[in-house]
Amino acid sequence: MIRVGVNGYGTIGRRVADAVRKQKDMELVGVTAGHPHYKYAVADGKGIPIYALDMKSLEAFNKEGYSLRGTLNDLLQRVDVVVDGAPEDIGAANKAAYSQAGVKAVFQGGEEHGLTGTSFVAQCNFEQAAKKQAVRVVSCNTTGLCRTIGAVDKGPGVTRARAVLARRATDPDDVKKGPIDAVVLDPTTLPSHHGPDVQTVLPGLEIVTMAFKVPTTHMHLHSVILSLKQKGSKEDVVKALERAPRMNMVEGRAGFKSTANVMDWAREKGRDRNDVYETTVWKDSVTVVDGEAYFFMGVHQEAIVVPENIDAVRAMVGGYTREESMKLTDESLGIEHR
Ligand code: NAD
């Protein structure tokens, strides 16, 4: 069993922790907690061992009558791999503690590529994480772009990528951020950072992206334009996407008119937390004009990186092929495996 700890129990950390519990080759040794919150009472009820971030957190929990298992340092003594789920740009400061404990670490997309030198999307570069001490699972948008662009590249081929991202404002439990009544250019200067981030996984790809935030909490929606290497048809592009792993091909005529319908689909399927781990592509949007493929793509920001975190753990520990790991992950999370 691979012993896994999760440091940072927020949007991503909570999901990764539950996904670890579903793997037959992994044990969730524990998660960390900063200050008392209902999510830790729920975790405790599930039997998840909880450790404090530090001594100050431990005292805060003791005061509230919780009895935790120790601190992050104690957790690190008991794990092979830690998944860092700290807020954007905060995870980097944890790296020294992980190295000191001799524990492998998976960081998230809010950290810089340079922190680990290996940015990860399972279907694109699983093998590059082999034997690494630290790997960064790229952001939700980058994961979606790498999956679709990588898939089309394996079919008709891609010479150039363009994407316009309508980004969700914030996550559903975050009451502090907006916008509530605006579309916010994010940023006003172009291009956005997403293109260079895709290049950390797909080096050499010519890509330009632009982004803005819209008042919704569920899913990003990308308008993607790919210049094709070979003169492909709509069918060639659809076939390449349908063949690829972790792709959710949907159609307007089946009721998928919006991101809300995609979330509703996950609810109907009884997915944990209504999570959509796959990249959603509107099959009926796929259009090829003059050698350029156009399509709409949806990214459930809270969930899409969860399978990648599980595969990153296996890739770093070793002993699994890409196919073996992705199959185990997909089957455990109810993702149709291909
Ligand atoms: P979050 O704010 O929901 O959760 C962060 C958790 O970390 C909180 O529980 C907080 O108490 C804890 N924490 C605070 N300081 C810490 C520290 N020093 N060490 C460890 N934990 C600490 O954050 P999130 O949205 O889950 O984001 C985590 C990472 O995942 C970021 O890098 C982010 O960019 C990335 N990411 C987020 C999303 C998303 O849509 N939320 C999607 C993909 C990737």
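The values are calculated or read from the model by the stated rules, or taken from the named source; none is laboratory data. Keep in mind that what you see is a predicted model, and the values were worked out from it rather than measured. FYI the Cβ positions are ideal-geometry reconstructions off the backbone, even for glycines, and counts take in every protein chain you see. These area figures cover heavy atoms from the full protein model, side chains too; ligands, DNA and RNA do not enter into them. Shrake-Rupley method; radii C 1.70, N 1.55, O 1.52, S 1.80 Å.
Quick notes on this one:
- Averaging the Cα positions of each part gives two centres, and for the range 45-101 and the range 277-338 these lie 29 Å apart.
- Sequence-distant residues sharing a close amide H with Ala33 (under 5 Å, placed H): Tyr51, Ala52, Leu53
- The DSSP beta bridges internal to the chain are antiparallel in roughly 40% of cases.
- Environment charge of Val198, counting only residues whose C-beta is closer than 13 Å and scoring Lys/Arg +1, Asp/Glu -1: 0
- Compared with the dominant principal axis of the Cα atoms in the chain, helix 322-333 is inclined by about 70°.
- Prolate/oblate/rounded call for the range 46-193, Cα gyration tensor, a/c under 1.5 rounded: oblate
- Distance between the modelled labels on Ile225 and His337, one decimal in nanometres: 3.9 nm (7 Å Cα→Cβ projection).
- Theoretical ellipticity at 222 nm over the chain - DSSP helices of four or more residues, -39500 (n - 2.57) apiece, nearest 500: -9500 deg cm²/dmol
- Most mobile listed residue (Thr217, Thr116, Thr321) in the chain, GNM with C-alpha springs under 10 Å: Thr321
- The stretch between Glu64 and Ser258 holds 65.5 nm of extra length on full extension. This uses 0.36 nm per residue minus the Cα-Cα distance.
- Between helix 140-154 and the chain there is an angle of about 40 degrees, using the helix long axis and the longest principal axis of the Cα atoms.
- Which of Leu185, Val313, Leu241, positive extreme of dipole for the range 182-338 (C-beta unit charges): Leu241
- Cα gyration tensor shape of the range 125-171, rounded if a/c is under 1.5, else prolate or oblate by comparing a/b with b/c: oblate
- Computed with every protein chain present, the accessible area of Glu331 is close to 110 Å² [probe 1.4 Å].
- Accessible carbon and sulfur surface of the chain relative to its total accessible area, %, 1.4 Å: 51
- Across the range 68-77, rounded Karplus estimates of 3J(HN,Hα) from the backbone phi angles (6.51 cos²θ - 1.76 cosθ + 1.60, θ = phi - 60°) give 8, 7, x, 10, 3, 4, 5, 4, 5, 6 Hz, Gly and Pro being marked x.
- Heavy-atom surface of the chain, accessible at 1.4 Å and reported per residue (Å²): 44
- Shape of the range 81-132, Cα gyration tensor, a/c cut at 1.5: oblate
- Sequence-ordered 3J(HN,Hα) estimates for the range 218-231 from the Karplus curve with 6.51, -1.76 and 1.60 and θ = phi - 60° stand at 10, 6, 9, 10, 9, 9, 10, 10, 10, 7, 8, 5, 9, 5 Hz, glycine and proline given as x.
- Cα centre as origin, Lys/Arg/Asp/Glu Cβ charges: the chain dipole, Debye: 300
- Unit charges on C-beta of K, R, D, E only; dipole of the range 140-299, Debye: 180
- DSSP assigns beta bridges within the range 149-281; of those with both partners inside it, close to 50 percent run antiparallel.
- Residue of Val208, Val183, Val238 that the Gaussian network model of the chain assigns the largest fluctuation, springs spanning Cα pairs under 10 Å: Val183
- Potential extension, His37-Ala182 segment - 0.36 nm per residue separation minus Cα distance: 49.1 nm
- Where trypsin sites (Lys or Arg not before Pro) fall in DSSP loop in the range 17-53, at most 16 other Cβ within 10 Å: Lys22, Lys24, Lys46
- The range 85-133: GluC sites (Glu not before Pro) in DSSP loop, at most 12 other beta carbons within 10 Å: Glu88
- For Asp174 and Lys269, a Förster radius of 25 Å and the Cβ-Cβ distance give a FRET efficiency of 0.50, rounded to the nearest 0.05.
- With eigenvalues of the C-alpha gyration tensor scaled by 5 and rooted, the range 140-299, Å: 25, 20, 13
- Loop-resident sites, the range 119-160, for trypsin sites (Lys or Arg not before Pro), counting at most 11 other Cβ within 10 Å (DSSP): Lys131
- The charge dipole of the range 199-257, taken about the Cα centre with unit charges on the Cβ atoms of Lys, Arg (+1) and Asp, Glu (-1), comes to about 100 debye, rounded to the nearest 20.
- Over every Cα atom in the chain, the radius of gyration and the widest Cα-Cα span, Dmax, amount to 19.9, 67 Å.
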